[in-house]
Structure formats: C-alpha cells, structure tokens
Amino acid sequence: MVTLPVASRRAGKGGGVCSGFAGKSGGLLQTGIDIAHRWLNQGLIVRTVARSGNGEQVRASQSVLTGLPLVVLVDHRSASSSEILTGASEDNRRGIVGYTHLR
C-alpha cells in the first residue's frame, strides 16, 4: 500500500492520535480510501459519481488500528487523498478536524 507522507503522533496518557495533512496537496483516490480503512470501522468513506450518472460508494468495514480519538490537521494546501480522510473522519464522527497554519 502506498501512503501519504503523514506526521502522526500518539498523545500521552488519555490522549489520542494526531495526523497532519498540512501541505499535502496530492495523492490518489485509492490511497485516501486505504488510509481511511485503517481509521474507520464503519460508515461511508467516499462516494464517486461519473458524468454518466453511475456511482459507487466505498464503506468502512475493517478493523481499525486504534480506537483512540483522532485529530486530523489540514491547511489551505491540503487536497486529494487528505480530503478523503478528513471528510470521512468528520462525517462519521470519528475525528476532529483542525485547520492549521503549520509551515
């Protein structure tokens, strides 16, 4: 599996996991789905619709790496794969999304 360059840090006692996607402007759709599968055990990850109107849904259904709380950090340059994980985490109430100005 190809992964995005993500800075993840597990917080200390009683904490959670923080994944930083600030400045990550690329990545393939499948990469975003693969990463989301590692964080979500249920719910919709992404829905795609072709110009023809045909659509496909990808739902989470796997065991997750951890049940610790998740914080996803993004900025104005975050896009593509990072948007998949960010949206799925927020929509499924799996994590909190934070906007950052990290450089």
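For residues in the stretch 27-67 being within 14 Å of R93 (Cα to Cα) and touching a Lys or Arg at 6+ places or on another chain (Cβ under 7 Å), which is most open to solvent (accessible area, probe 1.4 Å)?
Taking the stretch 27-67 as the starting set, the residues that turn out to be within 14 Å of R93 (Cα to Cα) are 36, 39-45, 60, 67.
Right, trim to touching a Lys or Arg at 6+ places or on another chain (Cβ under 7 Å) and you get 39-40, 43-45.
Values: W39: 28, L40: 3, G43: 15, L44: 45, I45: 13 Å².
Only one residue tops the list, namely L44.
Assess whether R51 counts as being among the basic types (K, R), modelled with pLDDT of 85 or more, assigned to a loop (DSSP other than H, G, I, E, B) and more than 13 Å from T86 (Cα to Cα).
Considered against the rule, which asks whether it is among the basic types (K, R), modelled with pLDDT of 85 or more, assigned to a loop (DSSP other than H, G, I, E, B) and more than 13 Å from T86 (Cα to Cα), R51 comes out as yes.
What number of residues in the stretch 74-96 are open to solvent by less than 90 Å² (accessible area, probe 1.4 Å), more than 10 Å from the chain's Cα centre (by Cα) and hydrophobic (A, V, I, L, M, F, W, C)?
Count: 2.
The values are calculated or read from the model by the stated rules, or taken from the named source; none is laboratory data. If you're wondering where the values come from, they're calculated on a predicted model, not measured in any experiment. Every residue, glycine as well, gets a Cβ built from its backbone with ideal geometry; the counts of neighbours run over all protein chains shown. Surface areas here come from the heavy atoms of the whole protein model, side chains and all, with no ligands, DNA or RNA. Shrake-Rupley method; radii C 1.70, N 1.55, O 1.52, S 1.80 Å.
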